[in-house]
Amino acid sequence: MDQATGVLPTEPPASVPPDASRRKAALRPRNAATLIIIDGTRRSPKILMGRRHRGLAFMPGKFVFPGGRIEPGDRHMPVAGALSNRAGDALALRVPRGGEGLGRALALAAIRETYEETGLMLGTREYGAPDSAPDGSWTAFRAAGVMPDLEALRFIARAVTPPGRVRRFDTRFFAVDRTAIVHSVPDVVSPDAELVELAWVTFTEARALALPRITRVVLDDLEVQVRGGFAPYLPIPYYYERHGKPQRETL
């Protein structure tokens, strides 16, 4: 689950009632997370991307990274390892009061959504199955004996969907090595699913795909992180729009 960028027109199109335009502009972005899985075993690293169903309202037919919004159970799922201090500190910036535990929930949402959209389960079996799991997809992790491991995740970017879109998300982008995949469920990706195709692609191959604009931007950020070995001093960009103009800060 990714965000498109662009500028909201000064005047709404004639075919769109002014009230509808104002409602779209007033949508508050929902907290969401995306997970980028990297295969670093080759000279040219490959990343996993999925093509969205053409019938979806948000980014139809685009290639994206798996992800989606936080669900209540994401705040309660046991984990085997914590996020790094660097990731935790950056995730806590520019969030409203009462956002304690948000970073942990976002990381878990990225893992859960990746499982739901691709059938790939990321974590570890070294500690056995979690003693409990929230209702929903997390019960599959418990049944498979997999504990999510947040220590393996790297926080690389944050982006807010601009006003005027049919959906708005405040998305945090995480990256993880392919070795974190410990279980796979077949036939999750299908012609009738949210993702109709999965592809392992190099950075060059990815840029030739039909991508949302923000995905292209985050690809550049990811490539910098990969080349730098995800060093803690590398910048974590934060993209958003202010008064119709794209902004970039660092966290």
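Each value in this text was obtained by applying a stated rule to the coordinates, not by laboratory testing. If you're wondering where the values come from, they're calculated on a predicted model, not measured in any experiment. When we count neighbours, we look across all protein chains shown, and the Cβ atoms used for this are built from the backbone with ideal geometry, even at glycine.
Here is the size of segment 171-251 from its Cα atoms: Rg then Dmax, 15.7, 45 Å.
Placing unit charges on each Cβ (+1 for Lys and Arg, -1 for Asp and Glu) gives the chain a dipole about its Cα centre, and among Trp138, Ala32, Pro186 the Cα reaching farthest toward its positive end belongs to Ala32. Each Lys or Arg adds one and each Asp or Glu subtracts one; over the other residues with Cβ under 15 Å from the Cβ of Thr204, this totals +2.
Counting Lys and Arg as +1 and Asp and Glu as -1 over every other residue whose Cβ lies under 13 Å from the Cβ of Arg125, the net charge comes to -1.
Panel order for Arg154, Arg69, by other beta carbons found within 10 Å of each beta carbon, from fewest to most: Arg69, Arg154.
Is the chain best put as rounded, prolate or oblate by its Cα gyration tensor, with a ≥ b ≥ c the root eigenvalues, rounded for a/c under 1.5, and otherwise prolate when a/b is larger than b/c, oblate when not? Here the chain falls in the rounded category. The relative contact order of the chain, computed from alpha carbon pairs under 8 Å that lie at least 6 residues apart in sequence, is 29 percent.
Dipole magnitude for segment 18-250: about 1120 debye, using +1 per Lys or Arg Cβ and -1 per Asp or Glu Cβ, origin at the Cα centre.
Amide hydrogen proximity for Phe169: with H placed 1.01 Å from N in the peptide plane, the residues at 5 or more positions away or on another chain lying under 5 Å are Arg30, Thr161.
With the charge dipole of the chain set up from +1 on Lys and Arg Cβ and -1 on Asp and Glu Cβ about the Cα centre, the Cα lying farthest toward the positive end among the listed residues Met59, Ala87, Tyr239 is that of Tyr239.
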